[in-house]
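Shown next, in structure tokens, is the structure this report addresses.
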Amino acid sequence: MKTLVIQADYLTERPFEVIEKKGMGHPDTLADNLAEFLSAKYSNYTREKYGAILHHNFDKIALLGGSSFVTFGKGYLTSPIRVILNGRASTKFGQESIPVDRLLIEWSKDFFRKCNCLYGIDVDKDLRFIFELSNQSSPGKTHSGALVKKASRRFWFEPRSLEDLPELKRLFSNDTSLGVGYAPLSNLEKFVLNLEKYLNSQEVKKQFPWMGTDIKIMAVKIKTEIQITLCIPQIANYVHSIEDYRRNIKECYNMVKALSLREGINLSNLAINTRDNYKVYEIYLTATGSSLESGDEGLVGRGNRITKLISPLNPYSMEGFCGKNPVYHIGKLYYLAAQILSEDIYREFHIRNQVFLASQSGRDLIDPWVKVIVVPVGIPNEVVYKIDQKANRFIKKIPLLTERLVAGAFQLA
């Protein structure tokens, strides 16, 4: 099907925006990044050992908060964070069993060691693993009939050989789903991204070790007025009094104001930790720098979208793309492809645009059911033609994204 390039008059800079960003230590962001880390690890392991990326989806992983003790100058976990390893994975290849449980525990611990998101965590003591993995295929298999032994669906997660991996013969969409992308980001979206990146940078953490990573940003623009509310956890080991805590809030305020001035964002209002009650010491003081330590929960797909933001006035899909199979899962590949294509179109033609790619289950992966690109009214026909051709060439190369995904080349959340 030919790409449909539609001209619309609604692609303008909006007088109203609301943008949310969940930082690297937010439970939802941690769940997303853990799921993607495990998918890449599993993909590389099975390809090296068996010659192909075996079927798996880790996009239903959840993190359930533990409990903690915090006071000025001291904080520690009193019960572990629960890691629910939920989803599906191939547990067997031929006659060989795959030690999925052991591998996922090892890789999960490795993730938490490397992510630098939870201060002072002991991965052997402060994490408890719960397995809810399945090796059942989606509906479609039958258990009767003369041809059942030839049907690959029955052996989706226990392939007898590479012959039971149908995507090696024909790469097809596993689902009927939608991927969306848009470009460019607005100035406020760019600022929100830069602000979280700056506050969670090694440079800032070295200077202000009391600052946790579970930073949440909500930004609102109404015409020319921009307001931002921040939630910034402080780490108890570095905060010895309420005066320290209040001084740290003031330092955060000054940092954010300074960055906004450097980036040309005129803040009419900035609020930090609005729930604090200094009279009774109800403050955002933590042991680890994340709300995950005490009751909060993280689930794949509940956090940032493919732009690493939550911008509800722009198009987005509800797909939890992290942890999905990188070979054929449309909820990951089309979502990522749509965003990359949109950015490429803007980079080449300097045209604001939106990209929509929809699949049909079983259809060739490089032949989306719907391919729509929305551009502003008044774009010359020759430019529309060039965009159409660029999109068609790009879509044929979507399978190349798999290699980059398993190499960890994308920060998806």
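The values are calculated or read from the model by the stated rules, or taken from the named source; none is laboratory data. Just so we're clear, the structure is a prediction, and the values are computed from it rather than from any experiment. Neighbour counts are summed over all protein chains in view; Cβ atoms, including those assigned to glycine, are modelled from backbone coordinates with ideal geometry.
Things worth noting here:
- Test: residue in region 309-326 that is outside the structural domain of Asn200 (by TED's automatic domain parsing), outside any helix (DSSP H, G or I) and of a type in the set (Asp, Glu): yes
- When Asn33 is tested against (1) under 30 Å from Lys386 (Cβ atoms); (2) touching a helix residue (DSSP H, G or I) at 6+ places or on another chain (Cβ under 9 Å), exactly one condition is not met: (1).
- Verdict on Asp59 being surrounded by 24 or more Cβ atoms within 10 Å (Cβ to Cβ), in a loop (DSSP other than H, G, I, E, B) and of a type in the set (D, E, K, R): yes
- Residue within region 323-333 that is of a type in the set (A, V, I, L, M), buried (at least 24 other Cβ atoms within 10 Å of the Cβ) and modelled with pLDDT under 95 present: yes
- First in region 186-205 and among the polar types (S, T, N, Q), second anywhere and in a helix (DSSP H, G or I), Cβ under 9 Å, 6 or more apart: Asn194/Leu259
- Matching residues, region 369-387, being assigned to a loop (DSSP other than H, G, I, E, B) and either of a type in the set (D, E, K, R) or surrounded by fewer than 11 Cβ atoms within 10 Å (Cβ to Cβ) (or both): Val377, Gly378, Pro380
- Where a residue in region 234-252 is in contact (Cβ under 8 Å) with a residue 60 or more places away in the chain and its partner, wherever it lies, is surrounded by fewer than 20 Cβ atoms within 10 Å (Cβ to Cβ) and among the hydrophobic types (A, V, I, L, M, F, W, C), with Cβ under 7 Å and at least six apart: Ala236/Phe72; Val239/Phe72; His240/Phe72; Ser241/Phe72
- Yes/no for Asp214 being in contact with a helix residue (DSSP H, G or I) (Cβ under 7 Å, 6 or more places away or on another chain), of a type in the set (D, E, K, R) and surrounded by 22 or more Cβ atoms within 10 Å (Cβ to Cβ): yes
- Output for region 70-97, where each listed residue is assigned to a strand (DSSP E or B), touching a residue at least 40 places away in the same chain (Cβ under 8 Å) and among the polar types (S, T, N, Q): Thr71, Asn86
- Residues that are closer than 18 Å to Ser43 by Cα, part of a helix (DSSP H, G or I), modelled with pLDDT under 95 and not assigned by TED's automatic domain parsing to the domain that holds Pro27 are absent from region 133-152 altogether.
- Residue in region 11-27 that is assigned to a loop (DSSP other than H, G, I, E, B), closer than 30 Å to Leu193 by Cα and touching a Pro at 6+ places or on another chain (Cβ under 7 Å) present: yes
- Residue within region 388-396 that is closer than 15 Å to Val327 by Cα, surrounded by fewer than 12 Cβ atoms within 10 Å (Cβ to Cβ) and either assigned by TED's automatic domain parsing to the domain that holds Ala31 or within 24 Å of the chain's Cα centre (by Cα) (or both) present: no
- The listed residue being of a type in the set (A, V, I, L, M, F, W, C), farther than 26 Å from Ile330 by Cβ and touching a residue at least 24 places away in the same chain (Cβ under 8 Å), out of Val5, Val100, Val18: Val18
- Restricting attention to region 271-293, the residues that are surrounded by 12 or more Cβ atoms within 10 Å (Cβ to Cβ), more than 14 Å from Arg246 (Cβ to Cβ) and either acidic (Asp, Glu) or at pLDDT below 95 (or both) add up to 1.
- Number of the condition not met by Ser359 [criteria: (1) touching a strand residue (DSSP E or B) at 6+ places or on another chain (Cβ under 6 Å); (2) under 24 Å from Arg302 (Cα atoms)]: (1)
- Taken over region 160-192, the criterion of being aliphatic (A, V, I, L, M), over 16 Å from Leu313 (Cβ atoms) and surrounded by 14 or more Cβ atoms within 10 Å (Cβ to Cβ) is satisfied by Leu162, Leu165, Leu171, Leu178.
- Checked against (1) assigned to a strand (DSSP E or B); (2) of a type in the set (Gly, Ala, Ser); (3) in contact (Cβ under 8 Å) with a residue 60 or more places away in the chain, Gly289 passes all but a single condition, namely (1).
- Members of region 236-269 that are among the small types (Gly, Ala, Ser) and buried (at least 17 other Cβ atoms within 10 Å of the Cβ): Ala236, Ser260
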